[in-house]
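What follows is a set of notes on a single structure, which appears directly below.
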Amino acid sequence: IIVHRVQQEWLGKRLGTISMCMPYSRYVLMTSTALWRKFFQIHSRKPFDVVDTPELLAEGLFPAITRALPLLIRLYTPHSKFIAEKLHGVTPSFDHEFVAGVERVAMLSADVLTSPSLDLARFVASDLNYDLEDIHIVRNPIDPSQFSPEGHKALPDTDKVRVLFVGRLEERKGIHYLIDAIKDVVAVNENVEFVIIGDDTNTAHGQTSVLAELKETIARDKVGDYVKFIARIPLTELPAHYRSADISIVPSVYDNSPYTCQEAMSCGNPVIGTDSGGTAEYLVDGVSGIAIPPRDSAAIAEALNRLISDNELRERMGAAARKRVVEEFDRKEIARQTADLYELAGTRYKSRAESGLYRKSPEAMLEDAAFMLSAFDTMIYDTLYQYSWRFRVRHWGRLFVKRPRLLGAKICCKLIGVVDRLTLKKIPLLSRYGTYLQEESTKRSQDIPLATLIKSGVTSEEGANVSRAGTPSV
(Lines give C-alpha, C1' and ligand atoms only; values in the text may rest on other atoms or scores of the structure.)
Protein backbone atom coordinates (compact mmCIF):
# COMPACT_ATOMS: atom_id res chain seq x y z
CA ILE A 1 0.00 0.00 0.00
CA ILE A 2 1.39 3.39 -1.01
CA VAL A 3 0.67 6.22 1.43
CA HIS A 4 0.84 9.84 0.23
CA ARG A 5 1.22 12.68 2.74
CA VAL A 6 -0.42 16.02 1.98
CA GLN A 7 0.55 19.62 2.69
CA GLN A 8 -2.20 21.56 4.46
CA GLU A 9 -0.68 24.89 5.34
CA TRP A 10 -1.52 27.07 2.31
CA LEU A 11 -5.29 27.43 2.65
CA GLY A 12 -4.98 27.60 6.42
CA LYS A 13 -2.74 30.66 6.15
CA ARG A 14 -5.23 32.39 3.87
CA LEU A 15 -8.15 31.78 6.23
CA GLY A 16 -6.69 33.67 9.16
CA THR A 17 -9.96 35.04 10.51
CA ILE A 18 -11.81 31.76 10.11
CA SER A 19 -9.04 30.06 12.08
CA MET A 20 -9.81 32.37 15.01
CA CYS A 21 -13.60 32.06 14.87
CA MET A 22 -14.02 28.52 13.51
CA PRO A 23 -10.95 26.41 14.30
CA TYR A 24 -12.65 23.06 13.66
CA SER A 25 -14.05 24.23 10.32
CA ARG A 26 -10.65 25.60 9.34
CA TYR A 27 -9.07 22.20 9.92
CA VAL A 28 -11.76 20.48 7.86
CA LEU A 29 -11.34 22.93 4.98
CA MET A 30 -7.55 22.63 5.08
CA THR A 31 -7.68 18.83 5.06
CA SER A 32 -10.35 18.35 2.41
CA THR A 33 -8.74 20.77 -0.07
CA ALA A 34 -5.26 19.32 0.50
CA LEU A 35 -6.54 15.78 -0.07
CA TRP A 36 -8.38 16.82 -3.22
CA ARG A 37 -5.26 18.51 -4.62
CA LYS A 38 -3.13 15.43 -3.96
CA PHE A 39 -5.85 13.19 -5.38
CA PHE A 40 -5.79 14.99 -8.73
CA GLN A 41 -2.01 14.99 -8.88
CA ILE A 42 -2.02 11.19 -8.63
CA HIS A 43 -5.23 10.65 -10.60
CA SER A 44 -3.78 12.52 -13.60
CA ARG A 45 -0.89 10.03 -13.76
CA LYS A 46 -2.81 6.84 -13.06
CA PRO A 47 -6.62 7.13 -12.90
CA PHE A 48 -8.47 5.64 -9.96
CA ASP A 49 -11.60 3.51 -10.28
CA VAL A 50 -13.33 4.37 -7.01
CA VAL A 51 -12.88 6.64 -3.98
CA ASP A 52 -13.14 5.04 -0.52
CA THR A 53 -13.14 7.63 2.27
CA PRO A 54 -14.45 8.15 5.80
CA GLU A 55 -17.22 10.62 6.55
CA LEU A 56 -15.01 11.90 9.34
CA LEU A 57 -14.23 15.63 8.98
CA ALA A 58 -15.71 15.67 5.46
CA GLU A 59 -12.68 14.12 3.77
CA GLY A 60 -14.97 13.01 0.95
CA LEU A 61 -16.54 16.46 0.42
CA PHE A 62 -14.92 17.31 -2.93
CA PRO A 63 -15.35 13.83 -4.47
CA ALA A 64 -19.00 13.98 -3.37
CA ILE A 65 -19.74 17.44 -4.78
CA THR A 66 -17.95 16.94 -8.11
CA ARG A 67 -18.95 13.29 -8.62
CA ALA A 68 -15.60 12.74 -10.32
CA LEU A 69 -15.58 9.02 -9.47
CA PRO A 70 -17.73 6.37 -7.78
CA LEU A 71 -17.70 7.17 -4.06
CA LEU A 72 -17.95 4.85 -1.05
CA ILE A 73 -18.07 6.55 2.35
CA ARG A 74 -17.39 4.60 5.54
CA LEU A 75 -19.04 5.78 8.73
CA TYR A 76 -16.86 6.21 11.79
CA THR A 77 -18.48 8.78 14.07
CA PRO A 78 -20.08 11.81 12.37
CA HIS A 79 -19.64 15.20 13.99
CA SER A 80 -23.40 15.37 14.46
CA LYS A 81 -23.05 12.43 16.87
CA PHE A 82 -20.45 14.33 18.89
CA ILE A 83 -22.86 17.28 19.05
CA ALA A 84 -25.85 15.13 20.01
CA GLU A 85 -23.97 13.26 22.74
CA LYS A 86 -21.77 16.22 23.79
CA LEU A 87 -18.72 14.00 23.34
CA HIS A 88 -15.34 15.67 23.97
CA GLY A 89 -17.19 18.77 25.11
CA VAL A 90 -18.49 19.49 21.60
CA THR A 91 -21.31 22.04 21.67
CA PRO A 92 -23.85 23.06 18.97
CA SER A 93 -21.89 26.16 17.97
CA PHE A 94 -21.85 27.36 14.36
CA ASP A 95 -18.30 26.02 14.03
CA HIS A 96 -19.32 22.48 14.96
CA GLU A 97 -22.60 22.64 13.07
CA PHE A 98 -20.71 23.70 9.94
CA VAL A 99 -18.48 20.63 10.21
CA ALA A 100 -21.53 18.42 10.70
CA GLY A 101 -23.20 20.09 7.72
CA VAL A 102 -20.40 19.49 5.23
CA GLU A 103 -20.14 15.89 6.46
CA ARG A 104 -23.85 15.48 5.71
CA VAL A 105 -23.37 16.86 2.18
CA ALA A 106 -20.69 14.25 1.52
CA MET A 107 -22.71 11.37 2.97
CA LEU A 108 -25.88 12.26 1.06
CA SER A 109 -23.93 12.44 -2.21
CA ALA A 110 -22.12 9.11 -1.80
CA ASP A 111 -22.94 6.15 -4.04
CA VAL A 112 -22.56 3.71 -1.13
CA LEU A 113 -22.61 4.23 2.64
CA THR A 114 -21.21 1.59 5.00
CA SER A 115 -21.28 1.37 8.77
CA PRO A 116 -19.37 -0.91 11.15
CA SER A 117 -22.40 -1.20 13.43
CA LEU A 118 -26.18 -1.15 13.20
CA ASP A 119 -26.30 1.32 16.09
CA LEU A 120 -24.31 3.92 14.14
CA ALA A 121 -26.28 3.21 10.96
CA ARG A 122 -29.52 3.93 12.80
CA PHE A 123 -28.22 7.26 14.07
CA VAL A 124 -27.02 8.37 10.63
CA ALA A 125 -30.24 7.22 8.96
CA SER A 126 -32.23 9.32 11.42
CA ASP A 127 -29.89 12.30 11.15
CA LEU A 128 -29.96 12.32 7.33
CA ASN A 129 -33.53 11.04 6.85
CA TYR A 130 -31.83 8.21 4.96
CA ASP A 131 -33.20 4.70 4.39
CA LEU A 132 -31.59 2.41 6.96
CA GLU A 133 -31.66 -0.46 4.45
CA ASP A 134 -29.39 1.55 2.14
CA ILE A 135 -26.60 1.69 4.72
CA HIS A 136 -24.52 -1.47 4.39
CA ILE A 137 -23.21 -3.04 7.60
CA VAL A 138 -19.55 -3.95 7.09
CA ARG A 139 -17.83 -5.02 10.28
CA ASN A 140 -14.31 -3.89 11.06
CA PRO A 141 -11.78 -6.44 9.77
CA ILE A 142 -9.14 -8.12 11.88
CA ASP A 143 -6.30 -10.55 11.27
CA PRO A 144 -6.89 -13.59 13.53
CA SER A 145 -3.41 -14.89 12.79
CA GLN A 146 -1.82 -11.74 14.26
CA PHE A 147 -4.20 -11.45 17.21
CA SER A 148 -4.01 -15.05 18.31
CA PRO A 149 -4.15 -16.75 21.74
CA GLU A 150 -0.91 -18.57 20.92
CA GLY A 151 2.39 -16.77 21.17
CA HIS A 152 4.62 -14.61 23.35
CA LYS A 153 3.16 -12.91 26.43
CA ALA A 154 4.23 -9.39 27.38
CA LEU A 155 3.80 -9.97 31.13
CA PRO A 156 4.59 -13.07 33.19
CA ASP A 157 1.78 -15.20 34.57
CA THR A 158 0.94 -14.75 38.25
CA ASP A 159 -1.66 -16.10 40.62
CA LYS A 160 -3.68 -12.91 40.07
CA VAL A 161 -6.44 -12.39 37.53
CA ARG A 162 -5.23 -9.70 35.12
CA VAL A 163 -7.75 -7.17 33.75
CA LEU A 164 -6.68 -5.19 30.67
CA PHE A 165 -7.86 -1.81 29.36
CA VAL A 166 -6.51 -0.47 26.05
CA GLY A 167 -7.39 3.02 24.84
CA ARG A 168 -6.74 6.74 25.16
CA LEU A 169 -7.20 8.15 28.62
CA GLU A 170 -10.26 10.29 27.95
CA GLU A 171 -13.82 10.53 29.20
CA ARG A 172 -15.37 8.97 26.07
CA LYS A 173 -13.44 5.75 26.65
CA GLY A 174 -15.03 5.35 30.08
CA ILE A 175 -11.73 4.99 31.92
CA HIS A 176 -12.95 7.06 34.88
CA TYR A 177 -15.77 4.60 35.53
CA LEU A 178 -13.36 1.67 35.46
CA ILE A 179 -11.03 3.36 37.95
CA ASP A 180 -13.98 4.18 40.22
CA ALA A 181 -15.01 0.51 40.17
CA ILE A 182 -11.65 -0.88 41.30
CA LYS A 183 -12.26 -0.33 45.02
CA ASP A 184 -15.48 -2.38 44.80
CA VAL A 185 -13.67 -5.14 42.94
CA VAL A 186 -10.76 -5.52 45.35
CA ALA A 187 -13.17 -5.49 48.28
CA VAL A 188 -14.45 -8.83 46.96
CA ASN A 189 -11.44 -10.19 45.03
CA GLU A 190 -7.96 -9.18 46.14
CA ASN A 191 -6.30 -11.56 43.67
CA VAL A 192 -6.65 -9.09 40.80
CA GLU A 193 -4.47 -6.58 38.97
CA PHE A 194 -5.39 -3.93 36.41
CA VAL A 195 -3.19 -3.02 33.44
CA ILE A 196 -4.09 0.27 31.73
CA ILE A 197 -2.49 0.85 28.30
CA GLY A 198 -2.99 4.17 26.56
CA ASP A 199 -1.81 7.73 26.01
CA ASP A 200 -2.66 10.47 28.45
CA THR A 201 -4.80 13.38 27.20
CA ASN A 202 -5.35 16.89 28.51
CA THR A 203 -9.11 16.54 28.56
CA ALA A 204 -9.73 16.57 32.30
CA HIS A 205 -11.32 19.58 34.01
CA GLY A 206 -9.47 22.74 33.00
CA GLN A 207 -7.71 20.96 30.10
CA THR A 208 -5.45 19.11 32.52
CA SER A 209 -4.00 15.60 32.54
CA VAL A 210 -6.47 12.72 32.76
CA LEU A 211 -3.70 10.44 34.01
CA ALA A 212 -3.04 12.76 36.95
CA GLU A 213 -6.75 12.84 37.71
CA LEU A 214 -6.98 9.04 37.64
CA LYS A 215 -3.97 8.68 39.93
CA GLU A 216 -5.64 11.03 42.42
CA THR A 217 -8.69 8.76 42.46
CA ILE A 218 -6.51 5.68 42.87
CA ALA A 219 -4.64 7.28 45.78
CA ARG A 220 -7.90 8.36 47.40
CA ASP A 221 -9.33 4.84 47.15
CA LYS A 222 -6.01 3.28 48.28
CA VAL A 223 -5.86 0.83 45.36
CA GLY A 224 -2.51 1.88 43.89
CA ASP A 225 -1.00 -1.58 44.42
CA TYR A 226 -3.57 -3.07 42.04
CA VAL A 227 -3.09 -0.74 39.05
CA LYS A 228 -0.30 -0.46 36.48
CA PHE A 229 -0.20 2.21 33.75
CA ILE A 230 1.63 1.68 30.46
CA ALA A 231 1.96 4.38 27.79
CA ARG A 232 0.76 3.66 24.28
CA ILE A 233 2.64 0.82 22.61
CA PRO A 234 3.00 -0.18 18.92
CA LEU A 235 0.18 -2.21 17.41
CA THR A 236 2.57 -5.09 16.78
CA GLU A 237 3.15 -5.45 20.53
CA LEU A 238 -0.52 -5.40 21.54
CA PRO A 239 -1.25 -9.12 20.91
CA ALA A 240 1.34 -10.07 23.55
CA HIS A 241 -0.45 -7.89 26.10
CA TYR A 242 -3.86 -9.36 25.25
CA ARG A 243 -2.37 -12.85 25.71
CA SER A 244 -1.14 -11.78 29.15
CA ALA A 245 -4.65 -10.79 30.21
CA ASP A 246 -7.45 -12.91 31.63
CA ILE A 247 -10.20 -10.33 31.03
CA SER A 248 -10.44 -7.33 28.72
CA ILE A 249 -12.74 -4.41 29.39
CA VAL A 250 -14.13 -1.78 27.00
CA PRO A 251 -16.16 0.60 29.22
CA SER A 252 -16.67 3.28 26.55
CA VAL A 253 -19.30 5.95 27.00
CA TYR A 254 -19.62 5.69 23.22
CA ASP A 255 -17.71 3.80 20.54
CA ASN A 256 -19.08 2.90 17.13
CA SER A 257 -17.10 -0.37 16.97
CA PRO A 258 -13.84 -0.37 18.93
CA TYR A 259 -11.04 -2.47 17.51
CA THR A 260 -9.91 -3.14 21.07
CA CYS A 261 -13.00 -5.30 21.55
CA GLN A 262 -12.24 -7.42 18.47
CA GLU A 263 -8.53 -7.64 19.24
CA ALA A 264 -9.22 -8.91 22.75
CA MET A 265 -11.80 -11.41 21.49
CA SER A 266 -9.42 -12.64 18.79
CA CYS A 267 -6.79 -13.33 21.47
CA GLY A 268 -9.29 -15.40 23.45
CA ASN A 269 -10.22 -12.84 26.11
CA PRO A 270 -13.74 -12.61 27.50
CA VAL A 271 -14.77 -8.98 27.07
CA ILE A 272 -16.81 -6.71 29.31
CA GLY A 273 -18.20 -3.94 27.12
CA THR A 274 -20.88 -1.28 27.26
CA ASP A 275 -24.08 -1.58 25.27
CA SER A 276 -23.68 2.01 24.05
CA GLY A 277 -22.63 2.13 20.42
CA GLY A 278 -21.56 -0.94 18.51
CA THR A 279 -19.53 -2.84 21.10
CA ALA A 280 -22.45 -5.05 22.12
CA GLU A 281 -22.91 -6.07 18.47
CA TYR A 282 -19.40 -7.53 18.38
CA LEU A 283 -19.46 -9.44 21.64
CA VAL A 284 -22.45 -11.67 22.41
CA ASP A 285 -23.75 -10.96 25.90
CA GLY A 286 -23.51 -14.05 28.08
CA VAL A 287 -21.67 -16.04 25.39
CA SER A 288 -18.39 -14.32 24.52
CA GLY A 289 -18.57 -11.52 27.06
CA ILE A 290 -20.79 -9.39 29.26
CA ALA A 291 -22.64 -6.26 28.13
CA ILE A 292 -23.14 -3.51 30.71
CA PRO A 293 -24.69 -0.02 30.70
CA PRO A 294 -22.37 2.94 30.07
CA ARG A 295 -21.30 5.29 32.87
CA ASP A 296 -22.01 2.62 35.50
CA SER A 297 -19.13 1.79 37.87
CA ALA A 298 -21.31 -0.57 39.90
CA ALA A 299 -22.14 -2.63 36.80
CA ILE A 300 -18.44 -2.76 35.90
CA ALA A 301 -17.54 -4.03 39.37
CA GLU A 302 -20.32 -6.63 39.31
CA ALA A 303 -19.30 -8.00 35.90
CA LEU A 304 -15.62 -8.09 36.86
CA ASN A 305 -16.28 -9.88 40.14
CA ARG A 306 -18.38 -12.44 38.30
CA LEU A 307 -15.60 -13.29 35.85
CA ILE A 308 -12.76 -13.06 38.37
CA SER A 309 -14.51 -15.57 40.61
CA ASP A 310 -15.28 -18.09 37.85
CA ASN A 311 -12.28 -19.45 35.95
CA GLU A 312 -14.40 -21.90 33.94
CA LEU A 313 -16.71 -19.09 32.76
CA ARG A 314 -13.72 -17.02 31.65
CA GLU A 315 -12.30 -19.87 29.60
CA ARG A 316 -15.65 -20.71 28.01
CA MET A 317 -16.36 -17.09 27.04
CA GLY A 318 -12.80 -16.60 25.78
CA ALA A 319 -13.08 -19.61 23.46
CA ALA A 320 -16.45 -18.38 22.16
CA ALA A 321 -14.98 -14.93 21.57
CA ARG A 322 -12.13 -16.34 19.48
CA LYS A 323 -14.55 -18.48 17.46
CA ARG A 324 -16.80 -15.50 16.70
CA VAL A 325 -13.91 -13.40 15.39
CA VAL A 326 -12.62 -16.15 13.11
CA GLU A 327 -16.08 -16.82 11.68
CA GLU A 328 -17.46 -13.27 11.43
CA PHE A 329 -14.69 -10.66 11.32
CA ASP A 330 -11.80 -12.22 9.40
CA ARG A 331 -10.30 -9.59 7.10
CA LYS A 332 -10.58 -11.87 4.06
CA GLU A 333 -14.37 -11.96 4.38
CA ILE A 334 -14.57 -8.20 5.00
CA ALA A 335 -12.39 -7.59 1.92
CA ARG A 336 -14.77 -9.66 -0.20
CA GLN A 337 -17.76 -7.66 1.05
CA THR A 338 -15.94 -4.39 0.34
CA ALA A 339 -15.03 -5.43 -3.22
CA ASP A 340 -18.70 -6.18 -3.90
CA LEU A 341 -19.65 -2.72 -2.64
CA TYR A 342 -17.07 -1.11 -4.92
CA GLU A 343 -18.87 -2.77 -7.83
CA LEU A 344 -22.19 -1.47 -6.52
CA ALA A 345 -20.77 2.05 -6.20
CA GLY A 346 -19.60 1.89 -9.82
CA THR A 347 -23.02 0.76 -11.03
CA ARG A 348 -24.84 3.50 -9.14
CA TYR A 349 -22.32 6.09 -10.26
CA LYS A 350 -23.07 5.46 -13.93
CA SER A 351 -26.70 6.41 -13.42
CA ARG A 352 -25.92 9.44 -11.22
CA ALA A 353 -22.74 10.87 -12.74
CA GLU A 354 -24.53 13.89 -14.21
CA SER A 355 -26.33 14.78 -10.98
CA GLY A 356 -23.39 16.29 -9.10
CA LEU A 357 -23.90 19.44 -7.07
CA TYR A 358 -20.98 21.00 -8.94
CA ARG A 359 -21.25 20.91 -12.73
CA LYS A 360 -17.92 22.40 -13.81
CA SER A 361 -14.79 20.29 -14.20
CA PRO A 362 -13.61 18.71 -10.93
CA GLU A 363 -10.29 20.56 -11.26
CA ALA A 364 -12.06 23.93 -11.16
CA MET A 365 -13.67 23.10 -7.82
CA LEU A 366 -10.55 24.02 -5.86
CA GLU A 367 -10.30 27.46 -7.42
CA ASP A 368 -13.96 28.25 -6.84
CA ALA A 369 -13.82 26.93 -3.28
CA ALA A 370 -10.72 29.00 -2.51
CA PHE A 371 -12.35 32.19 -3.79
CA MET A 372 -15.55 31.51 -1.84
CA LEU A 373 -13.71 30.74 1.40
CA SER A 374 -11.46 33.77 1.02
CA ALA A 375 -14.52 35.96 0.53
CA PHE A 376 -16.09 34.47 3.64
CA ASP A 377 -12.90 35.05 5.60
CA THR A 378 -12.79 38.66 4.38
CA MET A 379 -16.39 39.22 5.44
CA ILE A 380 -15.70 38.01 8.97
CA TYR A 381 -12.52 40.07 9.14
CA ASP A 382 -14.19 43.27 7.93
CA THR A 383 -17.04 42.88 10.42
CA LEU A 384 -14.72 42.26 13.37
CA TYR A 385 -12.36 45.04 12.34
CA GLN A 386 -15.23 47.52 12.07
CA TYR A 387 -16.90 46.77 15.39
CA SER A 388 -14.13 45.51 17.69
CA TRP A 389 -11.21 47.62 18.90
CA ARG A 390 -9.93 44.60 20.76
CA PHE A 391 -9.75 42.71 17.47
CA ARG A 392 -7.88 45.60 15.83
CA VAL A 393 -5.30 45.70 18.60
CA ARG A 394 -4.83 41.95 18.46
CA HIS A 395 -4.56 42.01 14.68
CA TRP A 396 -1.89 44.73 14.56
CA GLY A 397 -0.05 43.07 17.44
CA ARG A 398 0.11 39.78 15.52
CA LEU A 399 1.45 41.60 12.47
CA PHE A 400 4.10 43.32 14.58
CA VAL A 401 5.32 39.98 15.94
CA LYS A 402 4.96 37.72 12.90
CA ARG A 403 5.15 39.98 9.84
CA PRO A 404 6.83 43.29 10.71
CA ARG A 405 7.65 44.19 7.10
CA LEU A 406 4.03 43.76 6.08
CA LEU A 407 3.03 45.90 9.05
CA GLY A 408 5.38 48.64 7.89
CA ALA A 409 3.93 48.54 4.39
CA LYS A 410 0.38 48.76 5.71
CA ILE A 411 1.23 51.71 7.97
CA CYS A 412 2.84 53.42 4.99
CA CYS A 413 -0.30 52.88 2.92
CA LYS A 414 -2.47 54.24 5.74
CA LEU A 415 -0.32 57.36 5.99
CA ILE A 416 -0.39 57.82 2.23
CA GLY A 417 -4.18 57.64 2.32
CA VAL A 418 -4.36 60.30 5.03
CA VAL A 419 -1.92 62.59 3.20
CA ASP A 420 -3.80 62.02 -0.05
CA ARG A 421 -7.02 63.29 1.48
CA LEU A 422 -5.44 66.29 3.18
CA THR A 423 -2.79 67.45 0.69
CA LEU A 424 -3.55 65.73 -2.58
CA LYS A 425 -2.02 68.41 -4.81
CA LYS A 426 0.88 69.37 -2.52
CA ILE A 427 2.58 65.95 -2.44
CA PRO A 428 1.77 64.19 -5.73
CA LEU A 429 4.67 61.76 -5.28
CA LEU A 430 3.06 60.12 -2.27
CA SER A 431 -0.26 59.98 -4.07
CA ARG A 432 1.28 58.32 -7.08
CA TYR A 433 3.24 55.91 -4.84
CA GLY A 434 0.07 54.95 -2.99
CA THR A 435 -1.76 54.34 -6.26
CA TYR A 436 1.18 52.25 -7.46
CA LEU A 437 1.10 50.05 -4.33
CA GLN A 438 -2.63 49.46 -4.67
CA GLU A 439 -2.39 48.67 -8.39
CA GLU A 440 0.51 46.28 -7.87
CA SER A 441 -1.33 44.53 -5.02
CA THR A 442 -4.44 44.09 -7.15
CA LYS A 443 -2.46 43.03 -10.22
CA ARG A 444 -0.48 40.49 -8.26
CA SER A 445 -3.57 38.88 -6.81
CA GLN A 446 -5.15 38.65 -10.27
CA ASP A 447 -2.10 37.44 -12.18
CA ILE A 448 -1.69 34.20 -10.23
CA PRO A 449 -4.73 31.89 -10.46
CA LEU A 450 -5.65 30.34 -7.15
CA ALA A 451 -6.12 26.94 -8.75
CA THR A 452 -2.51 27.06 -9.99
CA LEU A 453 -1.30 27.81 -6.49
CA ILE A 454 -3.38 25.03 -4.99
CA LYS A 455 -2.35 22.42 -7.54
CA SER A 456 1.33 23.26 -7.23
CA GLY A 457 1.26 23.09 -3.43
CA VAL A 458 2.42 26.69 -2.93
CA THR A 459 4.11 27.41 0.38
CA SER A 460 2.49 29.52 3.05
CA GLU A 461 4.85 32.47 2.39
CA GLU A 462 4.07 32.40 -1.33
CA GLY A 463 0.37 32.12 -0.53
CA ALA A 464 0.63 35.24 1.58
CA ASN A 465 1.70 37.17 -1.52
CA VAL A 466 -1.70 36.62 -3.12
CA SER A 467 -3.72 37.46 -0.04
CA ARG A 468 -6.83 39.51 -0.63
CA ALA A 469 -5.89 42.95 -2.00
CA GLY A 470 -6.07 45.83 0.41
CA THR A 471 -7.24 43.71 3.36
CA PRO A 472 -4.82 42.91 6.20
CA SER A 473 -4.23 39.22 6.91
CA VAL A 474 -4.87 38.13 10.48
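The values are calculated or read from the model by the stated rules, or taken from the named source; none is laboratory data. Just so it is clear, the model here is predicted, and its values are computed rather than measured. Positions of Cβ are backbone-derived with ideal geometry, glycine not excepted, and every protein chain shown enters the neighbour counts.
For beta carbons closer than 7 Å, sequence separation of 6+ or different chains, a first residue in region 145-164 that is free of Cβ contacts under 8 Å to residues at least 40 places away in the same chain and a second that is surrounded by 13 or more Cβ atoms within 10 Å (Cβ to Cβ) and not in a loop (DSSP other than H, G, I, E, B), the qualifying pairs are K160/V192; K160/E193.
Residues that are touching a residue at least 12 places away in the same chain (Cβ under 8 Å) and farther than 21 Å from E327 by Cα within region 120-144 comprise L120, A121, F123, V124, D127, L128, Y130, D134, I135, listed in sequence order. Only one of the numbered conditions (1) surrounded by 14 or more Cβ atoms within 10 Å (Cβ to Cβ); (2) outside the structural domain of N305 (by TED's automatic domain parsing) is not met by E150, and that is (1).
Do we have I179 as over 25 Å from the mean Cα position of the chain (by Cα), in contact (Cβ under 8 Å) with a residue 24 or more places away in the chain and either closer than 21 Å to Y254 by Cβ or not in a strand (DSSP E or B) (or both) here? Lay out the reasoning, then the answer.
Details: over 25 Å from the mean Cα position of the chain (by Cα): yes; in contact (Cβ under 8 Å) with a residue 24 or more places away in the chain: yes; either closer than 21 Å to Y254 by Cβ or not in a strand (DSSP E or B) (or both): yes.
Spelling it out, I179 is indeed over 25 Å from the mean Cα position of the chain (by Cα), in contact (Cβ under 8 Å) with a residue 24 or more places away in the chain and either closer than 21 Å to Y254 by Cβ or not in a strand (DSSP E or B) (or both).
Just one of the listed residues (L15, L57, L69) is modelled with pLDDT of 85 or more and either surrounded by fewer than 16 Cβ atoms within 10 Å (Cβ to Cβ) or touching a Ser or Thr at 6+ places or on another chain (Cβ under 8 Å) (or both), and it is L57.
Each residue in region 206-220 was checked for being in contact (Cβ under 8 Å) with a residue 40 or more places away in the chain and more than 25 Å from S244 (Cα to Cα), and 2 pass. Applying the criterion of at least 2 residues that are outside the structural domain of N191 (by TED's automatic domain parsing) and over 30 Å from E55 (Cβ atoms) to the strands (runs of 3 or more DSSP E) found wholly in region 217-334 leaves an empty list.
When you look at L71, is it assigned by TED's automatic domain parsing to the domain that holds A345 and farther than 25 Å from M372 by Cβ, yes or no?
no
With basic (K, R) and surrounded by 20 or more Cβ atoms within 10 Å (Cβ to Cβ) as the only criterion, which of R168, R104, R139 stands out? After ruling out the rest, the residue left standing is R139. On the stretch given as region 110-122, residues that are crowded, with 21+ Cβ neighbours inside 10 Å and in a helix (DSSP H, G or I) total 2.
Does F147 count as within 23 Å of E263 (Cβ to Cβ) and of a type in the set (F, W, Y)? So that I can check it myself, show each step before the final result.
Working: within 23 Å of E263 (Cβ to Cβ): yes; of a type in the set (F, W, Y): yes.
So F147 passes the test.
So which residues in region 147-176 are under 26 Å from G277 (Cα atoms), of a type in the set (K, R) and in a loop (DSSP other than H, G, I, E, B), if there are any at all? Selection gives R168 alone. Any idea which residue in region 296-324 is surrounded by the fewest Cβ atoms within 10 Å (Cβ to Cβ), counting only those that are in contact with a Phe, Trp or Tyr (Cβ under 8 Å, 6 or more places away or on another chain) and not charged (D, E, K, R)? For region 296-324, the residue satisfying everything is S297.
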